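Reading through the structure tokens given below for one structure.
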């Protein structure tokens, strides 16, 4: 278990270990999704985009082109500008107030993230013999796959559940809060499945434990999972065409996050934690603004991954870590490897203090 009050900040790099796209990967997928076409009246190549455009208009009505043209133009603005943006979140923030760009950008995020959830390591591979016999067979969710085993999830779960007794499972999360900058819900799904496997409890018991855990998504998520017992659940990696606008409506821009209650929730979680663990986080300015707390916070330590970060930028990163955690330089510890490496290399630091 975590003995100190600990806030986990989860960025896009952390989800990469689950097979989801990085920030640049998501940008690339959005550009592919919004690829234009002159072969149909709807202006897009992707079948899902075509279907969404069909639902936007009634071709029998005279205003058919006038309803599609603004979306096509928004798609053109995104295709021209997104390659120059640090991230899709940064791009949407820059275009705050352009309603068509915001709506189309959120739709594109929702489509690509639900696809990415379905292709994540939470879904096992189908054996070739079964695939030959049943071409329509779909992989089942599992926490035992080889890809998942190499990610940070199992190492984190080992730390989380160590020393926790079955009659008091909620104690595993007593000192934890999560700030998840990603739209996917893989972490919540994994923990729900892992609790059942480790403690031999029912689906409903695991759901009850997690219902009291703070998972804060500053930029929104795709919606509640079926086991979370909310209205309008959307299964991991599996949505209907009618679900997509609903998922898109749950995604927030930076400005929307700052102006909503979630902005205060993020800062509360940062102020609450004596230990900060920052995983796969890009340290982009607008994300730092969301995390920043008032001067005077006194924490104990901050751990952060810095995979692929230059030595020069690590110096800047350490300054940001010190400010976010309210710690001195010696308590800001940088792991140059993966998120899994952080939990492996700092296991004793995290478990004995």
Report summary line: In segment 296-328, residues that are within 14 Å of residue 7 (Cβ to Cβ) and part of a helix (DSSP H, G or I) total 3
Requested in this report: Test each condition in (1) surrounded by fewer than 13 Cβ atoms within 10 Å (Cβ to Cβ); (2) at positive phi for residue 66 and report the one that comes out false.
Outcome: (2)
Query raised in the report: Within the group 240, 253, which residue is closer than 29 Å to residue 51 by Cα and buried (at least 18 other Cβ atoms within 10 Å of the Cβ)?
Result: 253
Requested in this report: Filter segment 75-105 down to the residues that are outside any helix (DSSP H, G or I) and surrounded by 14 or more Cβ atoms within 10 Å (Cβ to Cβ), then identify the one that is farthest from the chain's Cα centre (by Cα).
Outcome: 98
Query raised in the report: On the given criteria, is residue 210 closer than 21 Å to residue 172 by Cα and either surrounded by 15 or more Cβ atoms within 10 Å (Cβ to Cβ) or modelled with pLDDT of 95 or more (or both)?
Result: yes
Query raised in the report: If you check residue 280 against the conditions, is it on the phi > 0 side of the Ramachandran plot, crowded, with 19+ Cβ neighbours inside 10 Å and under 17 Å from the mean Cα position of the chain (by Cα)?
Result: yes
Report task. Scan segment 230-249 and give yes if some residue there is assigned by TED's automatic domain parsing to the domain that holds residue 287, closer than 14 Å to residue 181 by Cα and in contact (Cβ under 8 Å) with a residue 12 or more places away in the chain, otherwise no. Result -> no
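Conditions (1) in the same structural domain as residue 284 (by TED's automatic domain parsing); (2) at pLDDT below 95; (3) over 30 Å from residue 87 (Cα atoms), marked per residue:
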{"position": "126", "(1), (2), (3)": "no, yes, yes"}
{"position": "131", "(1), (2), (3)": "no, yes, yes"}
{"position": "136", "(1), (2), (3)": "no, yes, yes"}
{"position": "153", "(1), (2), (3)": "yes, no, no"}
{"position": "171", "(1), (2), (3)": "yes, yes, yes"}
{"position": "198", "(1), (2), (3)": "yes, no, yes"}
Query raised in the report: Does segment 24-59 hold any residues that are at pLDDT below 95 and buried (at least 19 other Cβ atoms within 10 Å of the Cβ), and which are they?
Result: 42, 43, 52
Query raised in the report: Any chance segment 166-178 includes a residue that's in contact with a helix residue (DSSP H, G or I) (Cβ under 6 Å, 6 or more places away or on another chain) and either assigned to a loop (DSSP other than H, G, I, E, B) or in contact (Cβ under 8 Å) with a residue 60 or more places away in the chain (or both)?
Result: yes
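Matching residues to (1) farther than 30 Å from residue 300 by Cα; (2) assigned by TED's automatic domain parsing to the domain that holds residue 274; (3) free of Cβ contacts under 8 Å to residues at least 24 places away in the same chain:
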site	(1), (2), (3)
13	no, yes, no
33	yes, no, no
38	yes, no, yes
48	yes, no, no
56	yes, no, yes
71	yes, no, no
81	yes, no, yes
Report summary line: From the option list 238, 287, single residue qualifying as assigned to a loop (DSSP other than H, G, I, E, B) and either out of contact with any helix residue (DSSP H, G or I) (no Cβ under 6 Å at 6 or more places or on another chain) or modelled with pLDDT of 95 or more (or both) is 238
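The values are calculated or read from the model by the stated rules, or taken from the named source; none is laboratory data. Computed from a prediction, not measured in an experiment: that's the story for all the values here. As a convention, Cβ positions derive from the backbone with ideal geometry for all residues, glycine included, and neighbour counts pool all protein chains shown.
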